[in-house]
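Read the structure below first, then the notes.
Just so you know, all these numbers are worked out from the coordinates, no wet-lab data involved. The structure presented is a predicted model; accordingly, all values stated were derived computationally and were not measured. Glycine gets a Cβ as well: all are built from the backbone with ideal geometry, and neighbour counts include every protein chain shown.
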Amino acid sequence: MSDEEFKERIEEVEAGYELWKSIVERYHFSQQDYVVVFPHEDDPVNECGIAHLRQFMGYAGGNRRILVLCIGNHVPEILCARPDEEAIAVEVIGEKEMESIVALYSISTISSHFIMMSLTRPYGRYGDKALDKGLTLDEVVTVGIYKMTGNEVFDRHEA
């Protein structure tokens, strides 16, 4: 990586941090709230992540709020088909903003309540390889991404 590329990467991370701070301030987030980032516009992991959002909210417990951060309209359209999802806000951001959030996520654990709904992003994340090893997308999303280890998908394999 050249000095110029390194400088650009740092600027991208800084932009991601500024966006993160503005989100926390705008939504008055507490340490109990979650941000679930959908960095792909049209990906099967989006539908699976949304399908398990209610389960995740129950697993996380309490009166937590969730902000879904996405690009494009695919994720909001899926969420609109599920009117029973309360305590969820959706914010559509541009691709450049998404890149800065992914860059920040790739170098920092900003919060354990910051969830990247992707099998392949940031670079070096190989969740798609788990599918090749026989795990289902549901298992990868619930256990690998949402970190729900005490759920029916996981328990099914324990029996």
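Residue ranges 49-57, 127-135 sort as 49-57, 127-135 when ordered by packing (mean number of other C-beta atoms within 10 Å per residue, highest first). Once Rg and Dmax of the Cα atoms in Å is calculated for the structure shown, the corresponding label among [x] 15.6, 56; [y] 15.2, 48; [z] 16.0, 54 turns out to be [z]. Take 103-111, 66-74 and order them by the average number of nearby Cβ atoms within 10 Å per residue, most first; the result is 66-74, 103-111.
Peptides 92-98, 34-40 ranked from most to least packed, by the mean per-residue count of other Cβ atoms within 10 Å: 34-40, 92-98. All other residues whose Cβ lies under 9 angstrom from that of L119 are scored, Lys and Arg at +1 and Asp and Glu at -1, for a net of +1.
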